[in-house]
């Protein structure tokens, strides 16, 4: 049941993100011919991540969450760099807009999926850790996918 709810939330988020991307792409025929930029990733904890201290295997849930947050910020930066390099490799406006719509959809999926997963522990101390573990895992997979995409785009 939870998996179905998670998949449904992800599908709704992707649909909304794609609709927004298509609407933006349709209105992108302005006088500006500059290269469109992929969206930046904004984490709510970016300005003040929790501390990452304590020995691995002996950390509190807050320390675990802090270590995960710091890792997420690093992988977010890698993702943003890959996004920018792919947009520049695509060259033409139409594939660039499509890629950027995909980035927005992926961010919406990541958020909805990880919210659903951590919702099992809503109100508990593990909710933040589960959310951060999910985001970290989605980011690692996204980096692998983007590296493959970049190698195809640059061929």
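The values are calculated or read from the model by the stated rules, or taken from the named source; none is laboratory data. The structure presented is a predicted model; accordingly, all values stated were derived computationally and were not measured. No Cβ is skipped: glycine too gets one built from the backbone with ideal geometry, and neighbour counts run over all protein chains shown.
Quick check: is even one residue across segment 113-120 loosely packed, with under 15 Cβ neighbours inside 10 Å, assigned to a helix (DSSP H, G or I) and modelled with pLDDT of 95 or more?
Yes, segment 113-120 contains a residue that is loosely packed, with under 15 Cβ neighbours inside 10 Å, assigned to a helix (DSSP H, G or I) and modelled with pLDDT of 95 or more.
Go through segment 125-155 and report how many residues are assigned to a helix (DSSP H, G or I), under 21 Å from residue 102 (Cβ atoms) and either at pLDDT 95 or above or out of contact with any helix residue (DSSP H, G or I) (no Cβ under 6 Å at 6 or more places or on another chain) (or both).
19
Report yes if residue 70 is at pLDDT 95 or above and either closer than 30 Å to residue 34 by Cα or in contact with a strand residue (DSSP E or B) (Cβ under 8 Å, 6 or more places away or on another chain) (or both), otherwise no.
Working: at pLDDT 95 or above: yes; either closer than 30 Å to residue 34 by Cα or in contact with a strand residue (DSSP E or B) (Cβ under 8 Å, 6 or more places away or on another chain) (or both): no.
Spelling it out, it is not the case that residue 70 is at pLDDT 95 or above and either closer than 30 Å to residue 34 by Cα or in contact with a strand residue (DSSP E or B) (Cβ under 8 Å, 6 or more places away or on another chain) (or both).
Within segment 33-44, restricting attention to residues that are under 20 Å from the mean Cα position of the chain (by Cα) and in contact (Cβ under 8 Å) with a residue 24 or more places away in the chain, which residue is farthest from residue 95 (Cα to Cα)? Reasoning before the result, please.
Here is the first cut: in segment 33-44, the ones under 20 Å from the mean Cα position of the chain (by Cα) are 36-44.
Still in the list and also in contact (Cβ under 8 Å) with a residue 24 or more places away in the chain: 36-41, 43.
Details: 36: 11, 37: 12, 38: 12, 39: 15, 40: 19, 41: 21, 43: 27 Å.
Ranking the qualifying residues of segment 33-44, first place goes to 43.
Taking only pairs six or more apart or across chains, which ones have beta-carbon atoms under 6 Å, a first residue in segment 45-65 that is touching a residue at least 12 places away in the same chain (Cβ under 8 Å), and a second residue that is in a loop (DSSP other than H, G, I, E, B) and surrounded by 15 or more Cβ atoms within 10 Å (Cβ to Cβ)?
Here the result reads 62/50; 65/50, each pair linking segment 45-65 to a residue that is in a loop (DSSP other than H, G, I, E, B) and surrounded by 15 or more Cβ atoms within 10 Å (Cβ to Cβ).
Please state which one of 68, 89 is assigned to a helix (DSSP H, G or I) and over 16 Å from residue 127 (Cβ atoms).
Just a single option satisfies the conditions, and that option is 89.
Among the residues of segment 66-88, which ones are more than 17 Å from residue 144 (Cα to Cα) and touching a residue at least 24 places away in the same chain (Cβ under 8 Å)?
Once the filter is applied, which keeps residues that are more than 17 Å from residue 144 (Cα to Cα) and touching a residue at least 24 places away in the same chain (Cβ under 8 Å), segment 66-88 yields 68, 69, 88.
Is it fair to say residue 84 is part of a helix (DSSP H, G or I), farther than 19 Å from residue 100 by Cβ and at pLDDT 95 or above?
Judged against the criteria, residue 84 is not a match.
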